[in-house]
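For reference, the structure is listed below as structure tokens.
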Amino acid sequence: MKLGIIGGSGLYEIEGLINQKWEEVSSPFGTPSDSFMVGKLNEVDIAFLPRHGRGHVHSPTSIPYRANIDAFKRLGVTHLLSLSASGSLNVDIEPGDFVIVDQFIDRTVSREKSFFGQGCVAHVSMAHPTCSDLSTLCYTTVIELGVKTHKQGTYLAMEGPQFSTLAESLLYKQQFKCDVIGMTNMPEAKLAREAEICYSSVAMVTDFDCWHPDHGAVEMSDVIRTMSVNTINAKKLISGLTKQIHQLSKCSTGCSTCLDNAIITAADKIDPTVKKKLSAITSRVWA
């Protein structure tokens, strides 16, 4: 079992992480966002990737999502924890709260969303886009930390980099019934699913989206303060999760076998070049 973590650049500064080093990983899908900080925490192998790169050099649209997930797979990651700052679309979800995301609505339009396509076609189920086993463990871990946490929630993934208009924010809140909004969990979750990696998303709320009548009065200093506290709690979550992740056994959500019956291109019609490119993603089914 190996735990991957993708999130803000400050998260790799975790107390107790030993044998840490930065490791470059090559991917046929491009260059990942950054090198990976690898090490061991509470006897669990860890691989951390700054989603936007150190120094925040990637916008939500330019993040190399396919290269990132492919590289996690090449590192042997079996479980992937996604941590991301989010806005709230729900009056009951307040700044500083954590939300264990269980559903997504994908409104992104400018990103490569699949490892599969011309030369090899596959359709994986996204009915349950996150790993319920890993997500439940995340929930119980955060609750033990005393952080106000919501056990489930729907994440609206928008393209960005601009924030929502008021009309969009009201649409996502009132019509779509979403709980949080962000720019980075799609196609990340879809690609993790295709790679047969157990994926859990924890949204860390920084503020209310612009639907809220007091949104315009929020000071940036308040948002930064909330983000700092969220980062501290995220580090505690990571540490606590590594102490309990050994409890997980065979995935009940089917994450680790979701390519069974998903690849529909006839074996003799798959381009050898494409097959080589997919070598990490399909390592189990084409072993």
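The values are calculated or read from the model by the stated rules, or taken from the named source; none is laboratory data. Treat the numbers as computed from the prediction; the structure is a model and nothing was measured. Note that we place each Cβ from the backbone using ideal geometry, even for glycine, and neighbour counts take in every protein chain shown. For accessibility, only protein heavy atoms count, side chains too; no ligands or nucleic acids. Shrake-Rupley method; radii C 1.70, N 1.55, O 1.52, S 1.80 Å.
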- Can you tell me the dipole magnitude for the stretch 140-287 around its Cα centre, using point charges on the Cβ only (Lys, Arg +1; Asp, Glu -1), in Debye to the nearest 20? 660
- Query: What do the square roots of 5 times the Cα gyration tensor eigenvalues come to for the stretch 229-287, in whole Å, largest first, as semi-axes of the equivalent ellipsoid?
  - Reply: 36, 15, 10
- Message: If I model a spin label as a point 7 Å beyond the Cα along the Cα-Cβ vector, how far apart are those points for K275 and S221 in nm?
- Response: 6.3
- Once Lys and Arg are counted +1 and Asp and Glu -1 for all other residues with Cβ under 11 Å from that of G76, the total becomes +2
- Which far-off residues, 5 or more places away or on another chain, put their amide H under 5 Å from the one on S201, with H placed in the peptide plane? S82, V101
- Query: For q = 0.24 Å⁻¹, what log10 I(q)/I(0) does the stretch 183-287 give under the Debye formula with an equal point scatterer on each alpha carbon and no solvent?
  - Reply: -1.34
- Message: I'd like the distance between the alpha-carbon centres of the stretch 193-213 and the stretch 1-15, rounded to an integer number of Å.
- Response: 16
- In the chain, carbon and sulfur make up what percent of the accessible area (probe 1.4 Å)? 51
- Estimated FRET transfer efficiency when R0 is 41 angstrom, pair K151-R54 (beta carbons, to 0.05): 0.80
- Step through the residues of the stretch 33-49 one at a time and calculate ³J(HN,Hα) from phi using the Karplus curve (6.51 cos²θ - 1.76 cosθ + 1.60, θ = phi - 60°), rounding each to whole Hz and writing x for Gly and Pro. 4, 6, 5, 9, 7, 10, x, 9, 10, 6, 6, 10, 5, 10, 9, 10, 10
- Item | For the stretch 72-149, accessible area per residue (1.4 Å probe, heavy atoms of protein chains only), Å² | 40
- Note on the structure: Per residue, the convex hull enclosing the alpha carbons of the stretch 117-172 has a volume in Å³ of 179
- Query: Which distance in Å, rounded to a whole number, links the C-alpha centroids of the stretch 114-168 and the stretch 52-87?
  - Reply: 13
- Item | Percent breakdown of C-alpha pair distances by 10 Å bin, ordered from the shortest bin, for the stretch 1-50 | 26, 56, 16, 1
- Note on the structure: Charge tally for neighbours of D34 with beta carbon under 13 Å away, counting Lys, Arg as +1 and Asp, Glu as -1, is 0
- Item | q = 0.07, 0.09, 0.14 Å⁻¹, the chain: log10 I(q)/I(0) [Debye, one scatterer per Cα] | -0.24, -0.41, -1.00
- Item | Pairwise FRET efficiency - A127 versus D268, Cβ, R0 = 30 Å, nearest 0.05 | 0.45
- Message: Which one, W22, P95, S9, is farthest towards the positive end of the dipole of the stretch 1-111 when Lys and Arg carry +1 and Asp and Glu -1 on their Cβ?
- Response: W22
